[in-house]
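Below: the structure, in structure tokens.
The values are calculated or read from the model by the stated rules, or taken from the named source; none is laboratory data. These numbers come from a predicted model, not from an experiment. Ideal geometry is used to build each Cβ from the backbone, glycine not excepted, and the neighbour counts take in all protein chains shown.
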Amino acid sequence: MPSFFVSIFLKKLHKIAICSLIRVIMLFIKKQSLNLRSFIVNYIIIIYNNISMYLDKKVKTDIFKKHGGSEKNTGSTEGQIALFTFRISHLTEHLKKNRKDYGTQRALQLLVGKRRSLLDYLKNKDIEKYRELVKELGLRR
């Protein structure tokens, strides 16, 4: 069944790539019947709407509300560390599946370095907040 393979393929694509894929499919099936063409386009739109980013606005506001004091306090050290920790855990899971993705590996190393710098800053500034944050986020150090 071709729709099964289309759904597997589309779930792995990014939202931007889906728009260009719709154009390509429309070119290929221009000669097909109108019902088949509309069915495929509707199917692609349904899948497009179900794909969500791992770090959307709601997740960010929740992180900053919990760790930064308020959702608008995006510059707080605690909020930034919590956001980096969330991103690091996501990239770590990605690298477990795709171990040869060296671009992601480098991005992960840079994020860990940034988080380490922020943790050192927080440790020098307020040791109690540092200990509380490390315990809350489950960091080793």
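What is the residue count in region 99-116 for residues that are more than 17 Å from the chain's Cα centre (by Cα) and over 14 Å from LEU83 (Cα atoms)?
Matching residues across region 99-116 total 3.
Being loosely packed, with under 15 Cβ neighbours inside 10 Å and at pLDDT 95 or above is not true of ARG115. Looking across LYS123, LYS72, one residue alone is at negative phi, touching a Phe, Trp or Tyr at 6+ places or on another chain (Cβ under 9 Å), surrounded by 14 or more Cβ atoms within 10 Å (Cβ to Cβ) and charged (D, E, K, R). It is LYS123.
Against the list (1) at pLDDT below 95; (2) touching a Leu at 6+ places or on another chain (Cβ under 6 Å), the condition LEU108 fails is (1). Tell me, which residue of region 54-74 that is part of a loop (DSSP other than H, G, I, E, B) and within 17 Å of LEU111 (Cβ to Cβ) is modelled with the highest pLDDT? Among residues in region 54-74 that are part of a loop (DSSP other than H, G, I, E, B) and within 17 Å of LEU111 (Cβ to Cβ), the one modelled with the highest pLDDT is THR74.
If I go through region 73-105 residue by residue, how many of them are touching a helix residue (DSSP H, G or I) at 6+ places or on another chain (Cβ under 9 Å) and closer than 19 Å to LEU118 by Cβ?
Of the residues in region 73-105, 17 are touching a helix residue (DSSP H, G or I) at 6+ places or on another chain (Cβ under 9 Å) and closer than 19 Å to LEU118 by Cβ.
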